[in-house]
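Take a look at the structure below.
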Amino acid sequence: MSGPAASTATSTETSTTTPRKRRSIGWLLLLPGALWLAAFFVTPLVQLVATSLYDPNGSVEAGYAMTWSWGNYTEALDFYSEPFIRGFVYAGIATVLCLLIGYPLAYAIVFKAGRWKNLMLVLVIAPFFTSFLVRTLAWKLILADNGFVVSTFKTLGLVDDDGRLLATGFAVVAGLTYNFLPFMVLPLYASLERLDHRLIEAAGDLYASPAQGFRKVTLPLSMPGVVAGTLLTFIPSAGDFINSQLLGDTNQTMIGNSIQTLFEAGSYPAASALSVTLMALIIVMVAIYIRRAGTEELL
Amino acid sequence: MTLDTTDADGAADPGTDVAGAGDLELRSLTKRFGDYAAVNSLDLTVPAGAFFALLGPSGCGKTTTLRMVAGLEVPSDGEVLLGGVDITWAKPYKRPVNTVFQSYALFPHLTIHENVAFGLRRQGRSDVNGPVGDMLSLVELEDFAGRKPAQLSGGQQQRVALARALINEPKVLLLDEPLGALDLKLRRQMQLELKRIQLGVGVTFVHVTHDQEEAMTMADTIAVMNAGVIEQMGSPNELYENPRTTFVANFLGQSNLVDADISGRDGDDVVVDAQGAKVRIPADRVQVNDGKVWLGVRPEKVFLASTGEPHTGNSLGTARIVDVSFVGVSTQYLVRMGWGQELMAFEQNTGARPIMRSADEVEVRFNGAHAFVLDHAQDARAGVDED
Amino acid sequence: MVRLGRWVSDHVVAGVGLLVLIYLFVPMFVVIAMSFNDPASRAAYTLDGFTVRNWTNPCEPEGLCSSLVTSLQVGILATVGATVLGTLMAFALVRHRFRGRGTANVVIFLPMASPEVVLGASLLALFVSTAGGGVLGFGTILIAHIMFCLSFVVVTVRARLQGMDTSLEQAAMDLYATESQAFWKVTFPLVFPGILSAALLAFALSFDDFIVTNFNSGQTVTFPMYVWGVAQRDIPMQINVIGTAMFLVAVLLVVVSEVLRVRRERVR
Ligand SMILES: Nc1ncnc2c1ncn2[C@@H]1O[C@H](COP(=O)(O)OP(=O)(O)OP(=O)(O)O)[C@@H](O)[C@H]1O
Ligand SMILES: [Mg+2]
C-alpha cells in the first residue's frame, strides 16, 4: 500500500496494528494443537517413511541402519498385493452399501422424523458406546453356522446346505458396513440438515416431480455430505483388520491384517513400507475423488 | 417513551442547542481493501437530529462508511468526529453510536426482552425492565418479549433490531437498509413508522438505502453516493430539481441529457446552444462556464406543443413522436429530435388536451428554470439502470 | 393413483430409514440378550440359558473392570485435551486470517484420511525409535487418542462456527459489549452445542478405539483391548453387561438432556 506521506503516517500505522495483532492471536490459538499434530502425527509419519527404508535385517533390540532399502517396497508389494487388492475391494463395497442404506436413513431423519429427529440421531450414535468389538462379536454370533441367519439363508437356498456365512467375504463386508455406517450417516445428516428446505419446495413449484426434485436439487446439494461420508467410511475400512480377523479367516485377510501381523512379528521396515504404500494410495485416491466430486471446499 | 438526554451518565454533552454540537462529521474518510478504495476521501457532515439518508447503488461503499462510523471497520485514512470529538480510533463499544444491521443480527439464543436489554446490561444498568418494556411498547411488541427471534416475522424482527439499538439513547443511529428484506407494503408502513419514531426521539438517523423513493420520502437530507464518493448532498427537492452531476440526474428519477455548448451570458441567464436551438438557463443551475455541456431536462418538465403554437419558454425545435405509452395518470411519449436523439416526455392526463399519436409532429419546449446544465466530461449514462 | 403414489413416496423413505435403524440395533439386541446369558461351557460363545449373574457380578472376570476404568480415564482426559486444543484451532481457522492457513487445514484433514493402522504404526515407530519400547503405556495411549480425536473436534466446531454470522459479535460490540463480553455472552453460547457434540464424538472415538491403542499401549489394557484379548480365547458374558450399560448410560444422558431442553422451552 503506497500511503501518502507524513500527515497520515500515524493513522496508517494504527490501522495496520489491529490486523497484525489479530494475526498473532490466530497463531497463538492454533499453536498448541498444531504442535500436537506436528509432534504426534507429522513426525511419526516421517519416522514411518524413514523406517520403511531401514535395513530389513535389523531388529528393535539391535537397532536399525538406514540403508535406503527400496527393496522393502517391492518386496512388500510382491508378497502382499492380494490383501491390498482385497482390502480396497471390501472397503469399496462396504462404502457403497453404507451410502445406499445410510442415505435413506439420513434423509428420513432430516425430512420425515419431525419431533423424533433428535432421538433418531441419538439412536444412530448410541451403538458407538457399546464397544465396536463387543458388537462385532455379536455379529459373529448372528452369522454363526448354527445361527438363525444361516438357517434362513439355507431354507431360501441362498447358501448351500453345508455352506456358511462366517469366514466368508460376505461376513467381513457385512461387518465393515455395519461398523462404519454411522460415519456415513452423520455427515449426510449434517449436509441435508443444512440444506434450505425452500429450495426443494421451489423445485416442486417449478414442476419438478419429487424424483426430479431429488435428483436435480437435493442430491447435488448434499454432495459435500456424500463425499465426506464416503471418505470417512472408506478410509478406515480400507485399513481395518478387526472385521476380517473376527468374522473372516485367512482367506479374507485385508491389508490391515498384514500390517498388524508384520508389526507384531517385529518386522518394522516391511510393516512401515506397507503402511506408507497404503497411506499414499489412499491419499492419491482421495485427492482424485475430491477433485472429481468438485468439493474441494470440503477441507 | 421520551429520550432524556440529561441522565446520560458520564458523557455529559454541554449544550445540545449550540448549533453543530452533536454533528457527525466525516473528514476525507477512506477505506481501501487492498488496492480498491471502497470509500474514497469522503467528506460529510450530518447535522444533529437530522434524518439523513445515504443513497447509492449496490457496492458504492454505503455499508463500509457506516461501519467506519460504528467502529466496526478501521479507516485507512481520514477522521470521524462526533460532536467535535475525534472517535476515529475508538472501539465500537466506546461510541455513543448504535446500528441496525442490514441482516438485523438479532441474538438467536436470547429472548426478545434480553435482546433489547443487551446494551443496557453491558453498560451496567440494573433497572432494565422498565426501559425495555417502554421500548417494546414503542415498537408495539410488548406481547412478544418472551419469544426468540426465530419466532417472529421479518417486520417484527426489524422492529426488535430498532428497539435494541434505540434503547441505548445513542447520539447517532445507523440504519443499514433496515427495510431491505420487507415486502413493499410492510416497507411503506415501516417507513412511516421509522419517521414517526425519529421525530419522537430526536436522535440523528443515518439511513442507508438504495431505494430512491424511500430516501426521498423519509429523509430531510440526502447524500447521493457513488463509487466511494459523495456525488451531491441536499434536500430531496434540491437534489431532484437541480442535480449537479449526470449520475444524480439519472439515478434520482430520469433525465433527458442533450449535447450542447455554452454560447454566452445574458444577465442572470446563461445562453446555451443545444443542437442549434438557443435556450436560456438561470446561472445558478449551470455547473460550468463555457465549452461543451449536457443540457438536462426531466421528462415531466418537457412540454410537447403542436407546431406553431405561440410560446414564451425555450424550444428545442420540432420532433416526431415515435412511441406513446398510456399509464393511467400520465402518458409517456418518446420523441425523435431532428438530430436523431430520442427524448422522453411525461404528460399528466388532465384531459385538457387530447393524447397525441405516434408520428405526430410536435415542438419540444421547456422552462429554463426547470432545466440544468452539467459538465460534458461526465458520462451521460452514469447512474442509468443502477438501483 | 396420484394419491397412492404420494402416500408411497411419503412413507417409503421413512420406512426404509426405520429398517436401517433396526439393522443398526440388531447386534445391540444380541448384546443385551447375551448379557443375560448363562453359557453351557465357557469355550462356546452361544446363547444357552438365562441368568442375572452377569449383571450382579460384572467385575468377576479378571481385569475386566480395571480395563474399563482405564478406558474411562483415557476417554475423559483425551476428550478434555482434544476438545480444548481443537476448539482453539477451530477459532483460529475460522476467525483469523494468517499465513499458513491452507497448510494447517490440510494437516488437520490428514489424520482423518489416514487409516488407523497407519496412525498407530507410525506413532509406535516414533516412540520406539526415540525412547524405546519402555515408554509405552497410559501416557502414550493418551497422546495417541488426543491426536486422532483432535481433527474430528476441529471439523465439528469449525462447522458450527462457520454457520455463525460474525455480524452477531459486531452487533454485541456495537451494543457496548467489550471483546471478552461479546465472546462470553454471544459467541460462546452459540458455539457451545458444537463444542459439546465434538466432545461427545471425541469420547466415543477414544472409548471405542482399538487399533491405534493396540500399537501404543505397552502393558496397559483398555476395555477394547481386553475384549480383543478374550475374543481369542473364551469370552466372559460380562463384556455384554458393560456394553449394554454403556449404551444405556449414553441413551439416558441424551434423553434427560432432551427432556430438560423441552421443559426449558415450555417454561418460557
Ligand atoms: N471486507 C471486504 N474486503 C474486500 N472488499 C470489500 C469488503 N467489504 C466491502 N468490500 C467492497 O467494497 C465495496 C463497497 O461495499 P459496501 O458493502 O460498502 O457496499 P454497499 O454500498 O453497502 O452495497 P449494498 O447496497 O449492496 O449493501 C464493494 O465493492 C465491496 O465488494
Ligand atoms: Mg450494504
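Give the residue, chosen from C:V107, C:V117, C:V128, that is part of a helix (DSSP H, G or I) and in contact with a Leu (Cβ under 6 Å, 6 or more places away or on another chain). From the options C:V107, C:V117, C:V128, the qualifying one is C:V107. Of the residues making up region B:230-241, none is touching a strand residue (DSSP E or B) at 6+ places or on another chain (Cβ under 8 Å), within 16 Å of ligand 2 (Cβ to nearest atom), among the aliphatic types (A, V, I, L, M) and in a helix (DSSP H, G or I). Within region B:56-80, the set of residues being more than 7 Å from ligand 1 (Cβ to nearest atom) and not in a loop (DSSP other than H, G, I, E, B) comprises B:L66, B:R67, B:M68, B:V69, B:A70, B:D77, B:G78, B:E79, B:V80.
Restricting C:V186, C:V227, C:V254 to residues that are at the interface with another protein chain (Cβ under 7 Å from one of its Cβ atoms) and closer than 18 Å to A:N118 by Cα narrows the list to C:V254.
Taking the conditions exactly as written (within 16 Å of ligand 2 (Cβ to nearest atom), at pLDDT 90 or above and open to solvent by less than 40 Å² (accessible area, probe 1.4 Å)), does B:L81 satisfy them or not?
Numbers: within 16 Å of ligand 2 (Cβ to nearest atom): no; at pLDDT 90 or above: yes; open to solvent by less than 40 Å² (accessible area, probe 1.4 Å): yes.
The answer is no for B:L81.
Do we have B:L3 as at pLDDT 90 or above and more than 16 Å from ligand 2 (Cβ to nearest atom) here? In short, no. With respect to (1) away from ligand 2 (no atom under 16 Å from the Cβ); (2) among the hydrophobic types (A, V, I, L, M, F, W, C); (3) surrounded by 17 or more Cβ atoms within 10 Å (Cβ to Cβ); (4) modelled with pLDDT under 90, the lone exception for B:L179 is condition (1). Among the residues of region A:90-111, which ones are in contact (Cβ under 8 Å) with a residue 24 or more places away in the chain, open to solvent by 10 Å² or more (accessible area, probe 1.4 Å) and facing chain C (nearest Cβ under 7 Å)? The answer is A:I101, A:Y107.
I'd like to know if region B:95-111 contains one or more residues that are on the phi > 0 side of the Ramachandran plot and within 16 Å of ligand 1 (Cβ to nearest atom).
Filtering region B:95-111 down to residues on the phi > 0 side of the Ramachandran plot leaves B:104-105.
Narrowing the set further to residues that are within 16 Å of ligand 1 (Cβ to nearest atom) leaves B:104-105.
Looking for residues that are on the phi > 0 side of the Ramachandran plot and within 16 Å of ligand 1 (Cβ to nearest atom), one finds at least one in region B:95-111, hence yes.
Within region B:29-59, restricting attention to residues that are farther than 22 Å from B:A215 by Cβ and aromatic (F, W, Y), the residue that is nearest to ligand 2 (Cβ to nearest atom) is B:F33.
Return the total of residues in region B:300-316 being at pLDDT 75 or above and more than 35 Å from the chain's Cα centre (by Cα).
If we filter region B:300-316 for residues that are at pLDDT 75 or above, which is where we start, we get B:300-306, B:313-316.
Those still in the list that are more than 35 Å from the chain's Cα centre (by Cα) too: B:306.
Qualifying residue count, region B:300-316: 1.
A residue that is open to solvent by less than 20 Å² (accessible area, probe 1.4 Å) and either under 23 Å from the mean Cα position of the chain (by Cα) or within 7 Å of chain C (Cβ to nearest Cβ) (or both) can be found somewhere in region A:71-84. Only one entry in C:S217, C:S167, C:S151 is at the interface with another protein chain (Cβ under 9 Å from one of its Cβ atoms), polar (S, T, N, Q) and open to solvent by less than 10 Å² (accessible area, probe 1.4 Å), namely C:S151.
Screening A:W68 with (1) more than 7 Å from chain C (Cβ to nearest Cβ); (2) assigned to a helix (DSSP H, G or I); (3) modelled with pLDDT under 90 gives one miss only, at (2). I'd like to check something: does region C:110-126 contain any residue that is closer than 18 Å to C:G139 by Cα, at pLDDT below 85 and buried (at least 24 other Cβ atoms within 10 Å of the Cβ)? Scanning region C:110-126, I find at least one residue that is closer than 18 Å to C:G139 by Cα, at pLDDT below 85 and buried (at least 24 other Cβ atoms within 10 Å of the Cβ), so the answer is yes.
Just one of the listed residues (B:A227, B:A249) is of a type in the set (G, A, S) and more than 16 Å from ligand 1 (Cβ to nearest atom), and it is B:A249. Among the residues of region A:113-120, are any in contact with a helix residue (DSSP H, G or I) (Cβ under 7 Å, 6 or more places away or on another chain), at the interface with another protein chain (Cβ under 9 Å from one of its Cβ atoms) and open to solvent by less than 20 Å² (accessible area, probe 1.4 Å)? Yes, there is a match, as at least one residue in region A:113-120 is in contact with a helix residue (DSSP H, G or I) (Cβ under 7 Å, 6 or more places away or on another chain), at the interface with another protein chain (Cβ under 9 Å from one of its Cβ atoms) and open to solvent by less than 20 Å² (accessible area, probe 1.4 Å).
Contact list please: Cβ distance under 8 Å, first residue in region B:60-71 and within 9 Å of ligand 2 (Cβ to nearest atom), second residue hydroxyl-bearing (S, T, Y) and not in a loop (DSSP other than H, G, I, E, B), pairs at least six apart or on different chains. Sorted first by the residue in region B:60-71, then by its partner, the pairs are B:L66/B:T99.
Matching residues to (1) more than 12 Å from chain C (Cβ to nearest Cβ); (2) open to solvent by 30 Å² or more (accessible area, probe 1.4 Å); (3) β-branched (V, I, T); (4) out of contact with any helix residue (DSSP H, G or I) (no Cβ under 9 Å at 6 or more places or on another chain):
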residue	(1), (2), (3), (4)
A:I142	no, no, yes, no
A:N146	no, yes, no, yes
A:L156	yes, yes, no, yes
A:V159	yes, no, yes, no
A:L165	yes, no, no, no
A:A174	no, no, no, no
A:T177	no, no, yes, no
A:P182	no, no, no, no
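One residue stands out among those in region B:87-126 that are among the basic types (K, R) and open to solvent by 60 Å² or more (accessible area, probe 1.4 Å): the one that is modelled with the lowest pLDDT, which is B:R125. Note on region A:235-266: residues that are at the interface with chain C (Cβ under 10 Å from one of its Cβ atoms), assigned to a helix (DSSP H, G or I) and of a type in the set (A, V, I, L, M, F, W, C) amount to 8. The set of residues in region B:140-176 that are within 16 Å of ligand 2 (Cβ to nearest atom) and either closer than 13 Å to B:H113 by Cβ or surrounded by fewer than 19 Cβ atoms within 10 Å (Cβ to Cβ) (or both) is empty. Do we have C:M173 as assigned to a helix (DSSP H, G or I), open to solvent by less than 10 Å² (accessible area, probe 1.4 Å) and within 9 Å of another protein chain (Cβ to nearest Cβ) here? When the stated conditions are applied, C:M173 does not pass them. Taking the criterion of being farther than 12 Å from B:L316 by Cβ and not small (G, A, S), the residues of region B:271-290 that qualify are B:V271, B:R280, B:I281, B:P282, B:D284, B:R285, B:V286, B:Q287, B:V288, B:N289, B:D290.
The rows are residues; the columns are (1) closer than 16 Å to B:E241 by Cβ; (2) under 26 Å from the mean Cα position of the chain (by Cα); (3) modelled with pLDDT under 90.
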position	(1), (2), (3)
B:S255	yes, yes, no
B:G264	no, no, yes
B:D268	no, no, yes
B:A277	no, no, yes
B:P282	yes, yes, no
B:Q287	yes, yes, yes
B:K292	no, no, no
B:L295	yes, yes, no
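The number of residues in region B:81-102 being in a loop (DSSP other than H, G, I, E, B) and in contact (Cβ under 8 Å) with a residue 24 or more places away in the chain comes to 5. Considering each residue of region B:30-52 in turn, none proves to be farther than 11 Å from B:G228 by Cα, within 11 Å of ligand 1 (Cβ to nearest atom) and more than 14 Å from chain A (Cβ to nearest Cβ).
Test C:A202 against the criterion of being among the aliphatic types (A, V, I, L, M) and within 9 Å of another protein chain (Cβ to nearest Cβ), and give yes or no.
Numbers: among the aliphatic types (A, V, I, L, M): yes; within 9 Å of another protein chain (Cβ to nearest Cβ): no.
Spelling it out, it is not the case that C:A202 is among the aliphatic types (A, V, I, L, M) and within 9 Å of another protein chain (Cβ to nearest Cβ).
The values are calculated or read from the model by the stated rules, or taken from the named source; none is laboratory data. Values in this document were obtained by computation on a predicted structure and should not be read as measured data. Positions of Cβ are generated from backbone atoms using ideal geometry, with glycine treated the same way; all protein chains shown enter the neighbour counts. These area figures cover heavy atoms from the full protein model, side chains too; ligands, DNA and RNA do not enter into them. Shrake-Rupley method; radii C 1.70, N 1.55, O 1.52, S 1.80 Å.
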